[in-house]
Every structure is written in C-alpha cells, then in structure tokens.
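Below is one structure, written out as structure tokens; comments come after it.
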Amino acid sequence: GLGKMVAKKKDFIGRLALQREGIQAEDRPVLVGLLPADGKSKIIGGSQISDESSVGADGQVSAALGWVSSAHYSVEMEHPIALAYVKNGAERHGQTLYACSPVDKAPSVPVIVCSPHMIDPSGERHYA
C-alpha cells in the first residue's frame, strides 16, 4: 500500500488515525482484486467472501472473510472482475475463495484473489 510514503520521524495530519487499533490490526480487511475462477462467471457486488468451509449447502456464508465492494465486466480483460476487502488479503493472492450473494439466490462463485492492479500492474504500457 501507501505505507512506505508515511513519515516515520516527522509529525503529520492523520498520524493519530493511523495509530488506531483497527488500522494496526494484522487481519484487517485489505483491498484485493478478484477474478472468476472459470473466467466467465459474474461476480455480484455486495457478495460476501468466504473460504470453502464457510459456504453452506444453501450457498449462505457462516463466517465471512470480507465483501465485494464493486464488480464489473472488463472490456480490456474480456471477463468479469471485482474489487473486494478481504481479511489478510495481501497474503491470499492466488488463493481460491467464494463470492456468495446474501440477496441474490445465484450460486456461489469461485474467485481467485489477485492484485487490485489488474491492467498494466508494472506500468509498461503507461511508460511506453
């Protein structure tokens, strides 16, 4: 994240906010990208994110790890993508989780956790 840009020795506006317990928690939700495991299933915004053991037979989640904040079809990538907040998200890259909508009765969607920088993450196209 942007933690490397924060001054370690100088005071600044927001220092107290960064020292709050919720911000310092190791298992706090972190922004990640999500891709459908099959490359075509629609990911529904607002879905709860869980691992396989937390998804019941009815598709409902017993223990959520996070939530989908936005989901859309990517014209550039030619498949659905999503952004989500997931506990320990940075350590979960490459892991398969499940997006389960608490409102829509659609089946849970297996998703692969990835970086939220899905298009040109290294900046090669930008700096070409």
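Computed from the C-beta positions of Tyr73 and Met5, the FRET efficiency with R₀ = 41 Å rounds to 0.80. Phi angles of region 5-14 translate, via the Karplus equation with coefficients 6.51, -1.76, 1.60 and θ = phi - 60°, into HN-Hα couplings of 8, 7, 5, 8, 10, 9, 7, 7, 5, x Hz per residue; Gly and Pro are given as x. Label the chain by shape, choosing from rounded, prolate and oblate, from the square roots a ≥ b ≥ c of the eigenvalues of the Cα gyration tensor; if a/c is under 1.5 it is rounded, and otherwise prolate applies when a/b is larger than b/c, oblate when it is not. Verdict is oblate for the chain. With contacts taken as Cα pairs under 8 Å at a separation of at least 6 residues, the chain carries a relative contact order of 29 percent.
Selection among Gln19, Gly66, Ser122 by position relative to the dipole of the chain gives Gln19 as farthest towards the positive end (Cβ unit charges, Cα centre).
Taking trypsin sites (Lys or Arg not before Pro) across region 54-128, the ones in a DSSP loop with at most 12 further Cβ atoms lying within 10 angstrom of their Cβ are Lys105, Arg125. Here region 1-54 and region 71-128 have alpha carbon centers that stand 13 Å from each other. Loop-located GluC sites (Glu not before Pro) in region 25-128 (DSSP state other than H, G, I, E, B) with a sparse environment of at most 11 neighbouring Cβ atoms within 10 Å: Glu26, Glu76, Glu78, Glu124.
Once the chain from His93 to Ala17 is taken as fully extended at 0.36 nm per residue, the excess over their C-alpha distance is 24.6 nm. Taking chymotrypsin sites (Phe, Trp or Tyr not before Pro) in DSSP loop states with no more than 10 other Cβ atoms inside 10 Å as exposed sites, the chain has its longest site-free stretch at 13-126.
In the context of the full set of protein chains, the chain has a per residue accessible area of 69 Å² (1.4 Å probe).
The values are calculated or read from the model by the stated rules, or taken from the named source; none is laboratory data. All of these numbers come straight from a predicted model, not from anything done at the bench. In this analysis, Cβ positions are derived from the backbone assuming ideal geometry, glycine residues included, and neighbour counts consider all displayed protein chains. In case anyone asks, the SASA skips ligands and DNA or RNA and just uses the protein heavy atoms, side chains included. Shrake-Rupley method; radii C 1.70, N 1.55, O 1.52, S 1.80 Å.
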